[in-house]
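Quick notes on the structure that follows.
The values are calculated or read from the model by the stated rules, or taken from the named source; none is laboratory data. This one's a predicted model, so the numbers in the text were calculated from it and none came from an experiment. All Cβ positions, glycine included, derive from the backbone under ideal geometry; neighbour counts span all protein chains shown.
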Amino acid sequence: MSSALSTKGLQKRFGSLVVAQDIAIELPHGVRYALIGPNGAGKTTLINLLTGMVRPDAGSILLGDADITALSAQTRVKRGLVRTFQINTLFPQLNALESVTLAVLEREGTSGIWWRRLPVHRDAIDEAFGILRSLGLADQCHRPTREMAYGEQRLVEIALALATKPRVLLLDEPAAGVPKEESAGLFTAIAGLSDALTILFIEHDMDVVFRFASRIIVMVSGRILVEGTPAEIAVDPRVREVYLGGVQHD
């Protein structure tokens, strides 16, 4: 059975700066992967390569069995490879339900007329509400996004991504800017997503990583240093030396 997402020999440099060197990853279906590493390791660049925002100098990217290396970012979204960003990009004048409904209609190709015949789109509204409910936002669905707590706004971002019906979801620091007391709830909601969805997330909080990831990829200087279970990563001396500062996690 093919992997949900994989790369072979992925390379990228900007001038003399090598940001990705011979990257080979293989994400099985339904697995929760964390991508960690020190600042400048190339984590966000890898996400940009996977999603088509940056083109590799060499190597290939496969979504399932399909080679998507040459496809545009928009086409990759339609194929089921979706990401979120470190900074929110919400419409502050819309409420959460309106925002996610619009994303559902965009997927269906009818977003240009959504405001004219809203009752016709009851199925899209119901789907959007179901997504928000799955993330614990049912009670907040009619609040303008600008009035929501920042952790809730991050969940709305994830809801927008889920509205595209992704097969693989890439989360670039989903807890960035979120108060620590809210981040656990954010990742609890992420952990509760469908097992059919493959997730790769970048996160700097090691407590969160070791709690929610089933496997961890460690990047250093544009290379994959090691991949393994949280238990394996916690005792790997190379990881402790370059990233964890000698601290072990249970």
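Inside the stretch 139-172, can you point out the residues that are exposed (fewer than 15 other Cβ atoms within 10 Å of the Cβ) and closer than 16 Å to Leu97 by Cβ? Listed by number, the residues that qualify are Asp139, His142, Arg146, Glu147. Close contacts from the stretch 1-27, counting a first residue that is touching a residue at least 60 places away in the same chain (Cβ under 8 Å) and under 17 Å from Leu62 (Cα atoms) and a second that is part of a strand (DSSP E or B) and aromatic (Phe, Trp, Tyr), with Cβ to Cβ under 6 Å and a gap of 6+ residues or different chains, come to Leu27/Tyr33.
Pick out the one residue from Gly9, Gly30 that is touching an Asp or Glu at 6+ places or on another chain (Cβ under 8 Å) and within 17 Å of Ile216 (Cβ to Cβ).
One residue alone meets the criteria, Gly30.
Among the residues of the stretch 4-15, is any assigned to a loop (DSSP other than H, G, I, E, B) and among the hydroxyl-bearing types (Ser, Thr, Tyr)? So that I can check it myself, show each step before the final result.
Of all residues in the stretch 4-15, those assigned to a loop (DSSP other than H, G, I, E, B) come to 4, 15.
Checking the rest, the ones that are also among the hydroxyl-bearing types (Ser, Thr, Tyr) come to none.
Taking every residue of the stretch 4-15 in turn, none turns out to be assigned to a loop (DSSP other than H, G, I, E, B) and among the hydroxyl-bearing types (Ser, Thr, Tyr).
Scanning the stretch 65-87 for residues that are of a type outside the set (Ser, Thr, Tyr), out of contact with any strand residue (DSSP E or B) (no Cβ under 8 Å at 6 or more places or on another chain) and surrounded by fewer than 17 Cβ atoms within 10 Å (Cβ to Cβ) turns up Asp65, Ala66, Ala70, Ala73, Gln74, Lys78, Ile87. Flag: Val54 matches the condition of being surrounded by 13 or more Cβ atoms within 10 Å (Cβ to Cβ) and either farther than 20 Å from Glu106 by Cβ or of a type in the set (D, E, K, R) (or both). Selection of the stretch 104-139 for residues being modelled with pLDDT of 90 or more, under 28 Å from Tyr33 (Cα atoms) and not in a loop (DSSP other than H, G, I, E, B) yields Val104, Glu127, Ala128, Phe129, Gly130, Ile131, Leu132, Arg133, Ser134, Ala138.
Looking at the stretch 5-51, which of the residues that are at positive phi and over 19 Å from the mean Cα position of the chain (by Cα) is surrounded by the fewest Cβ atoms within 10 Å (Cβ to Cβ)?
First pass over the stretch 5-51, keeping only residues at positive phi: 9, 15, 22, 30, 37, 40, 42.
Keeping just the survivors that are over 19 Å from the mean Cα position of the chain (by Cα) gives 9, 15, 22.
Details: Gly9: 12, Gly15: 5, Asp22: 15.
Filtering first and then ranking leaves Gly15.
Residues considered: Ile202, Ile190. Of these, the only one that is within 23 Å of Ile23 (Cβ to Cβ) and of a type in the set (Val, Ile, Thr) is Ile202.
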